[in-house]
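Structure first, commentary second.
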Amino acid sequence: MSAIRLLVLGAVRQHGRAHGYQVRNDLEYWGAHEWSNAKPGSIYHALKQMAKQGLLVAHEIAPSTAGGPPRTEYEITERGTEEYLALLRAALTAYDQKMDVLSAGIGFIVDLERSEAVALLWERVAGLAAWRASVTEYYTPEDGPESLGHIGEIMNMWVHSADAGAEWTRELITRIEGGAYTFAGEGDPFVGVLAEGEENPYATGVQNPGDND
């Protein structure tokens, strides 16, 4: 699973309608360009591809008074929303998600109802436990990695990763169950997007004049 589809769909959905530079700016504001493949070329490509797939609708708007070609704004469709929520749920549950996918899922977790978010995270804990159990069929942590030669270090790393992932997930569940954050249906949602023209302190560079998508 690629994080870019989830990130782009989620960013467009938060705006309602957004052009490519807004999506890029938001993702840089979240630091996604550092921990995912959300680079400018990938973002614009994803927008165009998902518009072709019917997940987004592309609207051409009038060019600015300074001239130039019309800018394209994107709006998520019903199919796009279904895809977005499916990707979000998958990002939160699978024990073997890459860090960028899990990070994207956590970034949009409040788009779900609180009870569903907790249930999905418990699924992740169960998946981590099952993965750990499969590793310890061949490796006994109490015996130490040396018992299997240096290859034992790989299994030792897997066990530690499973333990750390489960602990972190359980701590997150505790915070959510304790009332942290505002989830869907509970009030005004968290808005992690930049307003049109708002300066992005984390931007990697100025807008390319050709970035009209």
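Name every residue in region 30-44 that is at pLDDT below 85, among the small types (Gly, Ala, Ser) and at negative phi, in order of residue number. Reasoning before the result, please.
Applying the first criterion (at pLDDT below 85) to region 30-44 yields 30-40.
Filter once more, keeping what is among the small types (Gly, Ala, Ser): 31-32, 36, 38.
Selection gives ALA32, SER36, ALA38.
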**Message:** For region 45-80, give me the residue count where each residue is at pLDDT 90 or above, among the aliphatic types (A, V, I, L, M) and outside any helix (DSSP H, G or I).
**Reply:** 5
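Find the residue count for region 130-147, including only residues that are over 26 Å from THR93 (Cα atoms) and either part of a helix (DSSP H, G or I) or under 33 Å from the mean Cα position of the chain (by Cα) (or both). Spell out the reasoning first.
Filtering region 130-147 for residues over 26 Å from THR93 (Cα atoms) gives 140, 142-147.
Subset that is either part of a helix (DSSP H, G or I) or under 33 Å from the mean Cα position of the chain (by Cα) (or both): 142-143, 145-147.
Result for region 130-147: 5.
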**Asked** With (1) out of contact with any Asp or Glu (no Cβ under 7 Å at 6 or more places or on another chain); (2) at negative phi; (3) surrounded by fewer than 17 Cβ atoms within 10 Å (Cβ to Cβ) as the list, and ALA162 as the residue in question, which single condition is left unmet?
**Response** (3)
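Of the residues ARG170, ARG114, only one is crowded, with 17+ Cβ neighbours inside 10 Å and at pLDDT 85 or above; which? Before the answer, list the steps.
On the way: ARG170 fails: crowded, with 17+ Cβ neighbours inside 10 Å.
After applying the criteria, what remains is ARG114.
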**Fill in**
Picked from region 1-29 (must be surrounded by fewer than 20 Cβ atoms within 10 Å (Cβ to Cβ) and not in a helix (DSSP H, G or I)), the residue modelled with the lowest pLDDT is MET1
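The values are calculated or read from the model by the stated rules, or taken from the named source; none is laboratory data. Computed from a predicted model, the values in this text were never measured in an experiment. Virtual Cβ from ideal backbone geometry, glycine too; neighbours counted across all protein chains shown.
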